[in-house]
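The values are calculated or read from the model by the stated rules, or taken from the named source; none is laboratory data. Computed from a prediction, not measured in an experiment: that's the story for all the values here. Every residue, glycine as well, gets a Cβ built from its backbone with ideal geometry; the counts of neighbours run over all protein chains shown. Each accessible area value is taken on the protein alone, full model and side chains, heavy atoms only, with ligands, DNA and RNA left out. Shrake-Rupley method; radii C 1.70, N 1.55, O 1.52, S 1.80 Å.
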Amino acid sequence: MTLYYTLVFVLLLVEMVAFFVLVTPLPFNIRRRLLHFISTSDLIARTQYTLKIVFVFILILFIDSVNRVYRVQQDVSASGASGTVITTGTDRTEIQARKFYSQRNMYLCGFTLFLSVILNRTYVLLVELLAAEDKVAAMKAGAETATANSKVISLKDEEIDRLRAELKSKNTELKTKNTDLETLKKQCEGLTAEYKKLGDQINAKEALGEITDKKDL
């Protein structure tokens, strides 16, 4: 295997490991931190840019490997059409080797490109899924906050109703006390008037000389 096809194979292994990490059921916080690091890291951004260029070269290698497979098939078909019979084992082994290497390179480049597309799409879907989960969590938190606020408002309404009832009771008691006070005041005024009347009668009797001693009172 030549150097560039070896690098393609290494890249394929790296993509397999990355895809396995993405599809592994990790905890929500760890997955969010991992994807946040991937989406915000400058190193990852530069690596992605470099990989895009590498994938262009892999695409060229894939086209070249497909062309080589086609040439081998053409050579085999041409040999069969011209009636040439491959008698030596060396010639047959050479053709089989050329066919094997061409197909191997084609499959290697093809699977690398295919997995890169799947890996990119999986990453995008996971980012969208995490964003949707964040929105759902925010909505749940908002709903819980609204429920808590409604409970607080309900408790405040109950407290207000209780205070109103207490205030109404206090007002009733105050009205009763005011009524009692008015009654007591009227009684006091009546007693004062009676006392004045009695004092006037006593003074009148003293003036007429009817009372000579206080004991007569």
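Kindly indicate which of LEU34, LEU43, LEU22 is in a helix (DSSP H, G or I), open to solvent by 80 Å² or more (accessible area, probe 1.4 Å) and of a type in the set (A, V, I, L, M). Full working, then the answer.
Details: LEU34 fails: open to solvent by 80 Å² or more (accessible area, probe 1.4 Å); LEU22 fails: open to solvent by 80 Å² or more (accessible area, probe 1.4 Å).
Checking each option against the conditions leaves just LEU43.
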Open item on the list: So, in region 22-72, how many residues would count as being within 19 Å of TYR107 (Cα to Cα) and among the β-branched types (Val, Ile, Thr)?
Closed with: 8
Task: Odd one out for LYS196, checked against (1) within 56 Å of the chain's Cα centre (by Cα); (2) over 30 Å from LEU34 (Cβ atoms) - done: (1)
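Please go through region 131-170 and pick out each residue that is of a type in the set (A, V, I, L, M) and either touching an Asp or Glu at 6+ places or on another chain (Cβ under 9 Å) or farther than 28 Å from SER39 by Cβ (or both). Steps first, answer last, please.
Taking region 131-170 first, the residues of a type in the set (A, V, I, L, M) are 131-132, 136-139, 141, 143, 146, 148, 152-153, 155, 160, 163, 165, 167.
Scanning region 131-170 gives ALA143, ALA146, ALA148, VAL152, ILE153, LEU155, ILE160, LEU163, ALA165, LEU167.
Regarding region 121-135, can at least one residue be identified that is among the β-branched types (Val, Ile, Thr), at pLDDT 80 or above, more than 30 Å from LEU11 (Cβ to Cβ) and surrounded by 10 or more Cβ atoms within 10 Å (Cβ to Cβ)?
Applying the first criterion (among the β-branched types (Val, Ile, Thr)) to region 121-135 yields 122, 124, 127.
If we keep only those that are at pLDDT 80 or above as well, we get 122, 124, 127.
Okay, now just the ones that are also more than 30 Å from LEU11 (Cβ to Cβ), so none.
No, region 121-135 contains no residue that is among the β-branched types (Val, Ile, Thr), at pLDDT 80 or above, more than 30 Å from LEU11 (Cβ to Cβ) and surrounded by 10 or more Cβ atoms within 10 Å (Cβ to Cβ).
What tally of residues in region 136-163 results from selecting those that are of a type in the set (A, V, I, L, M, F, W, C) and open to solvent by 90 Å² or more (accessible area, probe 1.4 Å)?
Restricting attention to region 136-163, the residues satisfying the condition of being of a type in the set (A, V, I, L, M, F, W, C) are 136-139, 141, 143, 146, 148, 152-153, 155, 160, 163.
With open to solvent by 90 Å² or more (accessible area, probe 1.4 Å) added as a condition, the list becomes 139, 153, 155.
Residues that pass the stated criteria total 3.
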